[in-house]
Amino acid sequence: MLSIEGLNVAYGGLKALVDVSISVGEGKFVAIVGPNGAGKTTLFKAISGVVPPLAGRITFDGQDLLALPAARRAHLGIAHVPEGRQVFKTLTVLENLEMGAVPERGRAEWARNLEQIFTLFPVLNERRDQPAGTLSGGEQQMLAIGRGLASSPRLLMLDEPSMGLAPVLADQIFGRIEEIHRQAGVTVLLVEQRVAEALGSCDYGYVLESGRLVLEGRHETLLADERVKRAYLGM
Amino acid sequence: MNDFAVVLENVLQVLTAGLLVGSIYALMCVGLGLIFGVMRVINFAQGEFLMLGMYATLYAFTGLNLGVMLGSYIGPIVGALIAGVVLYFAGLLMHRYLLTRVTGIRVVGSEGEGHYPQLILTLGVSLILANAGLIFFGSMPQTVRTPLSTTAWEIGPFIGDHVSVFLNKARSVAFLVSVAIAVALYRFIGRTRIGKTLRAAADNPEAATYMGIDVDRAHSIAFALGCAITAVAGGLVATYYPFQPYVGLDFVIIMYAGVVLGGMGSIVGAFWGGLTIGLVQQLSTLVLPVQLQNAAIFVVFLLIVLIRPEGLLGRNVERT
Amino acid sequence: MSGLRHGWGKPLAGIAAFAAAYLVVGLLVQNQYYQLMLTLVLVWAVMGLSWNVFSGYSGLISFGHASFFGLGAYTVTLLLVKFDITPWIGIPIGMVVGVIAGVVIGYPTFRLRGHYFALAMLAYPLALLYIFEWLGYQEVSLPMKREAPAAFMQFADHRVYVALALGLLVLAMLASLWVERSRFGLSLNALKQNEAAAEAAGIDTLAWKLKAIMISGAMAAAAGGFYAVVLLIVTPVTVFGMLTSAQALIVTLFGGVATLWGPVIGSLILIPLAEILHAELGHRIPGIQGVVFGLAIVLVMVLAPEGVLPRIRDRLARRSKPLAAAPQVDGPVAIAAAARRAPAGEVLLRVSNLSRAFGGLRAVQDVSFEVRKGEVLGIIGPNGAGKTTLFNLLNGFIRPDAGEVTFEGERLLGLKPNRICRLGIGRTFQIMRPFPRMTVLDNVLVGAFVSERDDDRAVAAARQALARVGLAARADSLASSLTTVELREMELARALASRPKVALLDETLAGLGSQEIDRLLATINSLASEGLTIVIIEHTMQAMVRLADRFVVLDHGAVLARGKPDEVTRDPKVIEAYLGKKWMANAQH
């Protein structure tokens, strides 16, 4: 479904991504792990069109993404749940979800999606009229994911959903993500620092370090590989 | 008793004048506040859009003979609204073809902070518009004359035969329309889908892009709408204030003072800020000679900027 | 373009040649109208230079230079009218008034940022306009002094005015040249590019801004005073009005900001254009002047934001051969990697219970550690751990909510970053901001001003710093031609030029390939073996374990662990923080 070939991205003079090639099959759960500064967020920004690549191709369902302006990409069915939540703090919870439903598919299936989101994350229903800035970190993360779901996405991209959350909460979030993948059959591309949680649920994983792919494989293979640990801790 | 009555009457008169005038300032400030709140752009040409709104209203009013067709109450209002529509499109053009070249990603490559190019560019536009106005409209002061401009309602008397408050009819009508438009805008921004996308684009442009919102288009709409609203305010002012092509300069500091006072980035704040400035201006007529009244606004503005730049209601949006 | 080492010969010759040519033209012109125009061109050139000295070099765009112009004009006029004081004395007094106004306006307004600064500067002249109108000075004429005209700067032959104006211009250009070519200009440029980095490099940004606005105010006041003498009539609108401030700006923008000749060229082109249009068409098309200036601004901003002159210069430069890329010089001789470092000495920097929260987020929580002389301390931790906030606290950019930092026994709390730099703490930044149009040496030079008062010795210190990082061969190349790793080395050199005792390195290795990392590591290691104490934040663990003597691990703003690299990377708490709980759980099986 999503195919990235030979992507090279530079960010303010730094080489953020070098020759990265990733493929995400339809209906699959793909994880990208790696230490900080590895370029994971830059990858998502390149897919969403906020950062222009120097070289490489990105295709979605065969369509060349790079030819499409950033604001159009969401309408293809790509939902990006950004790093750090990035909810609209001055808008209410419900308004945030409405903004998620800007693409046509989302608007058409609004009522059904809303019900699903509230079932997954009941606290959002309780706080539907409160400004998003008053929510706790975990609640904001749920809102960000809900916002992504509101577009009836074909590809759900999540950037470090566990960041800044207490472990128990992070586990909860991961559980929900797995549920979404199973029930709705949404293709998931997950970027995470926490290796085992990410690799545990995925079909296929990639390890990114300093902008380069150093390892890839099915999750059992990766979990057993010492090189993953070395990528993070240097020894 | 007489002295007291005179003072009381003066104070009441000034307060009501302050409210009437302040409401129109509030509307102007709302236009500017919208632009700044959504796009973080300082538009130095806002005063000239006010001026163009005045002239557009004048030409619509006289050209379409609105005074005869719709009467003295409705005529100027319709004229002002027509002016608003015209200036909406002018604002769209200015944003698409000029402003986008100095805002956004393209600017990041140049040295220095990103908003100086906007300031300078809009200053240039302001000069062009004001002076082109002089060329095309001439320098003779004009107003949108109706019988309402020079008549007033009397409220009172309150104490025996004394102490009445006189409400200039034109200003009173302008007051009502200003408040109505401000409320309408508030509901538009708050309730409609487009309004929410504007707020989202203002809140977090990057996340808005991820949602599929075209932030550039949102900015265009916000800018055009802001210009239109200020133009309508101009049209309302035109019913009682004589104007000429340089009139923008008289009001631009009022607009900025109001927006800064209310807190840059807050539309509601802009409304109250403008209202406060109007009150301050009218109150200053009690104690200051005519020429210093304008200087008083500047001094107030400088004091706000120096002492409390985030204003009374706004968030701190200074960037370091 | 600037540099302490550049000789003054060429520009001085240029100024002399221009002045001579202009004088000849001035003497030949008979028509009084054209003579007036020649004078006005020079007056606005001086005004443009004044704006340039402040806004062009510092990047703080002032829309209110008419304040100084008008104050100068009124000082000269009122001194003559009321006290019979000749403009020969009046103009210098006006300049003093300009200086004072500069300080009075500058001091409170410099605390403001960005658009607030611009708006405030806009308001000053307009407020003055209304005040002078109220004071009754709507129109003040300078009286004719028939008894001794020359003593009162009144000449029948207008060509004398041209000569006088030329004198003023030459003085203004010399002042600009001095500012541009000295550490004054370099410091202003540094704070224009990146005020935070300049402060961290030891530049007292407030002091330089005040000096710049004082000089600028004096020059603008002189222009205004002379303008009054020439036109013999002063009204608030002409001297305090928007067009005056705008003209100063446009003339400089058009010709080229932050260049010596920009305002002059801009004035030479735009002023006659506007005057002729005004004279020919002014009756039928009033306001043509404003439209022309407005169009000039818009066109410049859209097509050539740095000015017409630099744009042309760039085009020509591109046509000529590009700078030959310097041969890839291998990094410093690889002694450093194996060098044994002397065991760590006494405690240099002591951090005690430092805490800082932003709203509800506790970025740094009760952090304590020591930095010993001669060691390399690595601050590591997963994303969001608070590492950069910690550096900002050490450096003086933000104040802690609680806790203390002492350096060599002295408390750092509340000191401004440039002061902390002077005490001996240097810093590099995550996002590099080199000055692309300046040479590598000039980029590094600003760091040396802290340690050397003498310009020549500052240059020597800068060269030394470049040698220490292995960039000596590239000292005279433009910074825009450097590779990423060379830029990092240049950043390092700039921090070293202040001869710090402790260097805080913020993610120096981020985004580099493994070969580049090796090269930079060798450099840092060699610096450490020279005795420099280093505290480094880094994500690239592969590199850190080869570099640091000790680690302090932060997680969620609090210290999680400390110790030697191999201890820390085996510590289960640390592994869990980086890789997650489940990994730890799996790993234990």
Qualifying residue in the range C:227-236 (condition: within 14 Å of another protein chain (Cβ to nearest Cβ) and part of a helix (DSSP H, G or I)): yes
Where residue B:204 falls short, out of the listed (1) at the interface with another protein chain (Cβ under 9 Å from one of its Cβ atoms); (2) of a type outside the set (Val, Ile, Thr); (3) touching a strand residue (DSSP E or B) at 6+ places or on another chain (Cβ under 6 Å): (3)
Some residue of the range C:561-569 being of a type in the set (Val, Ile, Thr), touching a helix residue (DSSP H, G or I) at 6+ places or on another chain (Cβ under 6 Å) and closer than 22 Å to residue A:17 by Cβ: no
Residue identified as within 25 Å of residue A:41 (Cβ to Cβ) and within 12 Å of another protein chain (Cβ to nearest Cβ) among A:161, A:153: A:153
Answer residue from the range C:104-115, given it is crowded, with 22+ Cβ neighbours inside 10 Å and at the interface with another protein chain (Cβ under 8 Å from one of its Cβ atoms) and is farthest from residue B:252 (Cα to Cα) among those: C:109
Tally of residues being under 9 Å from the mean Cα position of the chain (by Cα) and assigned to a loop (DSSP other than H, G, I, E, B) across the range C:189-208: 1
Filter result for residue A:35 (facing another protein chain (nearest Cβ under 7 Å) and out of contact with any Phe, Trp or Tyr (no Cβ under 7 Å at 6 or more places or on another chain)): no
Residue match in the range A:61-68 (condition: touching a Lys or Arg at 6+ places or on another chain (Cβ under 9 Å), buried (at least 19 other Cβ atoms within 10 Å of the Cβ), on the phi > 0 side of the Ramachandran plot and within 14 Å of chain B (Cβ to nearest Cβ)): no
The lone exception for residue C:94 - which of (1) within 14 Å of chain B (Cβ to nearest Cβ); (2) in contact (Cβ under 8 Å) with a residue 40 or more places away in the chain it fails: (1)
Extreme residue, nearest to the other protein chains (Cβ to nearest Cβ), among residues of the range B:124-147 that are closer than 28 Å to residue B:71 by Cβ and either surrounded by fewer than 23 Cβ atoms within 10 Å (Cβ to Cβ) or at pLDDT 90 or above (or both): B:137
Residue within the range B:301-315 that is more than 11 Å from chain C (Cβ to nearest Cβ), in a helix (DSSP H, G or I) and at negative phi present: no
Cβ-Cβ under 7 Å pairs, at least 6 apart or on other chains, the range C:514-540 side over 19 Å from residue C:466 (Cβ atoms) and touching a residue at least 60 places away in the same chain (Cβ under 8 Å), far side among the β-branched types (Val, Ile, Thr) and not in a strand (DSSP E or B): C:536/C:508; C:537/C:388
Residue among B:296, B:270 that is part of a helix (DSSP H, G or I), within 13 Å of chain C (Cβ to nearest Cβ) and either at pLDDT 85 or above or under 25 Å from residue B:178 (Cβ atoms) (or both): B:296
Selection status of residue A:228, within 12 Å of chain C (Cβ to nearest Cβ), part of a strand (DSSP E or B) and not acidic (Asp, Glu): no
Residue within the range A:88-99 that is crowded, with 20+ Cβ neighbours inside 10 Å, more than 7 Å from chain B (Cβ to nearest Cβ) and either in contact with a Leu (Cβ under 6 Å, 6 or more places away or on another chain) or hydroxyl-bearing (Ser, Thr, Tyr) (or both) present: yes
Meets criteria (away from chain B (no Cβ under 11 Å) and of a type in the set (Asp, Glu)) for residue A:126: yes
Matching option when the condition is surrounded by 16 or more Cβ atoms within 10 Å (Cβ to Cβ), closer than 30 Å to residue B:217 by Cα, more than 14 Å from chain A (Cβ to nearest Cβ) and not aliphatic (A, V, I, L, M), among B:164, B:178: B:178
Among (1) away from chain C (no Cβ under 13 Å); (2) among the β-branched types (Val, Ile, Thr); (3) in contact with a Ser or Thr (Cβ under 8 Å, 6 or more places away or on another chain) - the single one residue A:191 does not satisfy: (1)
Residues of the range C:252-303 that turn out to be within 11 Å of chain B (Cβ to nearest Cβ), closer than 30 Å to residue C:435 by Cα and not in a helix (DSSP H, G or I), as a count: 2
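Conditions tested, residue by residue: (1) over 27 Å from the mean Cα position of the chain (by Cα); (2) free of Cβ contacts under 8 Å to residues at least 24 places away in the same chain.
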position	(1), (2)
C:9	no, yes
C:18	yes, no
C:24	yes, yes
C:31	yes, yes
C:35	yes, no
C:43	no, no
Index of the failed condition, residue C:78 passing every other in (1) touching a strand residue (DSSP E or B) at 6+ places or on another chain (Cβ under 9 Å); (2) at pLDDT below 90: (2)
Breaking point among (1) aromatic (Phe, Trp, Tyr); (2) within 14 Å of chain B (Cβ to nearest Cβ); (3) under 30 Å from residue A:219 (Cβ atoms); (4) free of Cβ contacts under 8 Å to residues at least 60 places away in the same chain, for residue A:110: (3)
Entirely in the range A:111-219, the strands (runs of 3 or more DSSP E) that have 1 or more residues that are out of contact with any helix residue (DSSP H, G or I) (no Cβ under 9 Å at 6 or more places or on another chain) and surrounded by fewer than 22 Cβ atoms within 10 Å (Cβ to Cβ): A:212-218
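Residues checked against (1) in a loop (DSSP other than H, G, I, E, B); (2) not charged (D, E, K, R):
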| position | (1), (2) |
| --- | --- |
| C:480 | no, yes |
| C:488 | no, no |
| C:491 | no, no |
| C:499 | yes, no |
| C:505 | no, yes |
| C:510 | yes, yes |
| C:516 | no, no |
| C:519 | no, no |
Scope the range C:108-152; condition within 20 Å of residue C:47 (Cα to Cα) and not in a helix (DSSP H, G or I); matching residues: none
Any chance residue C:155 is surrounded by fewer than 23 Cβ atoms within 10 Å (Cβ to Cβ), under 20 Å from residue C:245 (Cβ atoms) and not aliphatic (A, V, I, L, M): no
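The values are calculated or read from the model by the stated rules, or taken from the named source; none is laboratory data. Note that this is a predicted model, so its numbers are computed, not measured. FYI the Cβ positions are ideal-geometry reconstructions off the backbone, even for glycines, and counts take in every protein chain you see.
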